[in-house]
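Step one of this worksheet: look at the structure below.
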């Protein structure tokens with residue numbers, strides 16, 4: 001069963017002239033009407049904040065899963081040349097933040113990165129010691145981005161599906177009905193339940209492009225696997241083009257290492273330190289790199305959620321989405337620097353959490 005949803009724009013900022021994204025949901029058989037509405041509400045949250053006239057196809061479900069499995073999700077991704085990605089971002093500039101982000105991208109057909117754990121690491125095969133990779137190989141000239149992000153950028157998207165999808169889709173999301181969820185965030189979240197709409201919006205955020213190829217490097221490097229050449233299975237995402245550390249900034253490249261050093265979002269080549277990223281399940285802080293750093297109250301794209309915790313899209317989430325190619329509903333816009341400062345103001349104390357965190361997936 002399919003249902004279309006194109007949410008109205010934010011009443012305070014939008015006008016009827018904006019074409020918001022349409023989320024086309026295909027529901028896994030057995031998904032309750034309550035859960036269906038929860039997914040629709042989650043899509044509406046994003047649609048109300050964006051002005052890209054695209055259709056995002058999602059297969060979603062709420063069904064019993066295996067013991068201990070809270071949910072599962074995956075996003076369709078395709079490869080694009082760095083040149084085409086940068087050209088599309090340039091053509092898609094609609095904000096001061098976009099202007100800064102594009103201006104600080106490397107010129108030419110490739111980009112450099114700080115990387116480690118590859119077979120050709122000059123410090124030894126599989127070494128954890130970071131080094132600058134700027135040799136122009138495939139991983140320096142190719143990106144893997146979600147098909148939803150590609151649509152927002154106006155890039156050609158070939159029909160594609162992912163495991164779990166019913167037909168052609170941009171992403172698959174399924175939560176386990178064996179766990180307790182609260183489907184109405186308007187009156188708060190029950191202390192023994194997870195915020196269904198918020199967690200669904202989080203997973204949709206991954207489909208929109210909040211992913212990191214660092215997770216592939218982190219998972220495949222020894223002792224899990226590898227070491228492998230720097231050009232195999234190691235492609236950056238659109239979001240990764242704004243991933244920096246103090247060490248990478250000093251060398252004028254993004255940070256794409258699998259280790260526990262601090263990594264942060266920046267749209268000015270690393271000069272302004274924005275919200276921190278998680279650093280990896282295996283070699284980092286224990287959370288997938290396709291998230292913000294946990295326990296800092298950064299945004300919806302944090303890696304965990306507690307029972308009773310109400311989840312929101314924050315200014316930090318919107319900065320990242322904006323930089324990677326989505327267009328935001330216009331609001332009186334401060335300078336890029338002030339936006340970054342505003343984001344940092346949200347890094348205060350974490351709200352009280354339940355004893356059973358919901359670990360949200362990455363892609």
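The values are calculated or read from the model by the stated rules, or taken from the named source; none is laboratory data. The model shown is predicted, which means the values in this text are computed figures rather than measured ones. For neighbour counting, all protein chains shown are included, and Cβ atoms are generated from backbone atoms with ideal geometry for every residue, glycine included.
Here the range 109-134 is the region considered, the condition is being without any contact (Cβ under 8 Å) to a residue 12 or more places away in the chain and out of contact with any strand residue (DSSP E or B) (no Cβ under 6 Å at 6 or more places or on another chain), and the residue that is nearest to residue 322 (Cα to Cα) is 127. So, residue 315, is that one without any contact (Cβ under 8 Å) to a residue 24 or more places away in the chain, surrounded by fewer than 24 Cβ atoms within 10 Å (Cβ to Cβ) and under 22 Å from residue 104 (Cβ atoms) or not? Judged against the criteria, residue 315 is not a match. If you go through the range 257-287 and keep only what is touching a helix residue (DSSP H, G or I) at 6+ places or on another chain (Cβ under 6 Å), more than 16 Å from residue 319 (Cβ to Cβ) and crowded, with 24+ Cβ neighbours inside 10 Å, you end up with 258, 280. Of note, residue 87 satisfies the criterion of being more than 17 Å from the chain's Cα centre (by Cα), surrounded by fewer than 20 Cβ atoms within 10 Å (Cβ to Cβ), modelled with pLDDT of 95 or more and within 30 Å of residue 235 (Cβ to Cβ). Annotation note: of 85, 111, 79, the sole residue that is part of a strand (DSSP E or B) and more than 30 Å from residue 306 (Cα to Cα) is 79. Is at least one residue of the range 151-169 touching a strand residue (DSSP E or B) at 6+ places or on another chain (Cβ under 6 Å), surrounded by 21 or more Cβ atoms within 10 Å (Cβ to Cβ), in contact (Cβ under 8 Å) with a residue 60 or more places away in the chain and not in a loop (DSSP other than H, G, I, E, B)? Checked the range 151-169: no residue is touching a strand residue (DSSP E or B) at 6+ places or on another chain (Cβ under 6 Å), surrounded by 21 or more Cβ atoms within 10 Å (Cβ to Cβ), in contact (Cβ under 8 Å) with a residue 60 or more places away in the chain and not in a loop (DSSP other than H, G, I, E, B). The residue that is nearest to residue 62 (Cα to Cα), counting only those in the range 184-223 that are in a loop (DSSP other than H, G, I, E, B) and within 23 Å of the chain's Cα centre (by Cα), is 208.
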